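Everything below concerns the one structure shown next.
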Amino acid sequence: GVRQDMTQAIDWYKKSALAGYAPALTRLGSLNLLGRGMARNYSKAFDFFRLSAQRGDMDAEFSFGMMFIRGWGTKRDVKQAAGWINKAAEKGQPEAMRVMSRLCEGGYGVPKSEKDALVWLKKSAAAGDREAMRRLAAVYENGTFGVTPDMTLARSLKKKAAVVKKAVFPDYVVM
């Protein structure tokens with residue numbers, strides 16, 4: 001196999017980003033956000049996500065929105081966050097759909113609506129988001145959001161969630 005070289009990878013991402021390739025901008029944003037191959041830099045991450053989100057990359061739209069929620073690299077602005085996260089969710093980004101559920105549930109940056117929260121949560125779980133599966137299982141266990149409790153469905157969701165990859169922005173960083 002080929003040995004991984006993060007410095008060389010970053011150079012290629014930068015070249016691709018200069019050519020306007022949105023996924024490369026998104027990757028550079030993620031590397032700056034997480035401090036992989038470079039020092040953690042929220043301001044640079046914010047700028048890379050912004051450039052890529054403006055080009056319509058759904059992962060960047062989601063990450064850009066999350067930067068506004070957390071106030072990383074920018075002033076905290078939940079309404080601005082909700083707009084960007086909604087764009088990503090409408091395109092089918094699983095984590096964005098889960099976060100839209102939380103925003104709707106609490107009325108953060110969007111009108112408060114348990115109905116919309118449940119719709120987004122179901123979409124996110126169906127798209128394979130582990131945290132959404134866990135939350136939806138709890139909804140069916142407890143009968144929240146007006147659903148009829150269903151322990152069989154709750155157990156099924158928990159089993160599915162147990163084998164799914166962890167989210168980049170787990171549920172606890174939303175609000």
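The values are calculated or read from the model by the stated rules, or taken from the named source; none is laboratory data. In this text the structure is predicted, and so the values were computed from the model without any measurement. FYI the Cβ positions are ideal-geometry reconstructions off the backbone, even for glycines, and counts take in every protein chain you see. Heads up: the accessible areas ignore ligands, DNA and RNA and are worked out on the full protein's heavy atoms, side chains in. Shrake-Rupley method; radii C 1.70, N 1.55, O 1.52, S 1.80 Å.
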**Request:** Please turn the phi angles of the stretch 39-54 into ³J(HN,Hα) values with the Karplus equation 6.51 cos²θ - 1.76 cosθ + 1.60 (θ = phi - 60°), one per residue in order, whole Hz, x for glycine and proline.
**Result:** 5, 4, 9, 5, 5, 5, 4, 4, 5, 5, 4, 4, 4, 6, 4, 5
**Request:** Keeping the other protein chains in place, figure out the carbon and sulfur percent of the accessible area of the chain, with a 1.4 Å probe.
**Result:** 51 percent
**Request:** Could you tell me which of rounded, prolate or oblate describes the stretch 48-93, using a ≥ b ≥ c as the square roots of the eigenvalues of the alpha-carbon gyration tensor, with rounded for a/c under 1.5 and, failing that, prolate when a/b is larger than b/c and oblate otherwise?
**Result:** oblate
**Item:** Per residue value of the accessible surface for the chain (all protein chains in place, 1.4 Å probe), Å²
**Value:** 54 Å²
**Complete:** Per DSSP loop assignment and a cutoff of at most 10 other beta carbons within 10 Å, the chain keeps its longest run without exposed trypsin sites (Lys or Arg not before Pro) at 76-164
**Complete:** Quick shape check on the stretch 10-59: root eigenvalues a ≥ b ≥ c of the Cα gyration tensor, a/c under 1.5 is rounded, otherwise prolate if a/b tops b/c, else oblate, and it reads oblate
**Fill in**
Over all pairs of different Cα atoms in the stretch 82-167, the reciprocal of the mean inverse distance gives a Kirkwood radius in Å of 12.6 Å
**Prompt:** From the list (1) 53, 42, 24; (2) 102, 32, 23; (3) 48, 43, 35, can you say which value of Cα extents along the principal axes in Å was derived from the structure given?
**Reply:** (1)
**Request:** List the equivalent ellipsoid semi-axes of the stretch 12-91 in whole Å, largest first, each obtained as the square root of 5λ for an eigenvalue λ of the Cα gyration tensor.
**Result:** 19, 15, 8
**Asked** Summing +1 for each Lys or Arg and -1 for each Asp or Glu, what net charge is found among the other residues whose Cβ lies under 13 Å from the Cβ of PHE145?
**Response** 0
**Request:** Report the label-to-label distance for ALA126 and ARG55 in nanometres (one decimal), using points 7 Å from each Cα along the Cα→Cβ vector.
**Result:** 3.1 nm
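When the helix-only estimate is applied to the chain (DSSP H runs of n ≥ 4, each -39,500 (n - 2.57), divided by the residue count), what is the mean residue ellipticity at 222 nm, nearest 500 deg cm²/dmol? Let's see the in-between values first.
Values: 9 runs with 116 residues, N = 175.
Mean residue ellipticity at 222 nm (helix-derived): -21000 deg cm²/dmol.
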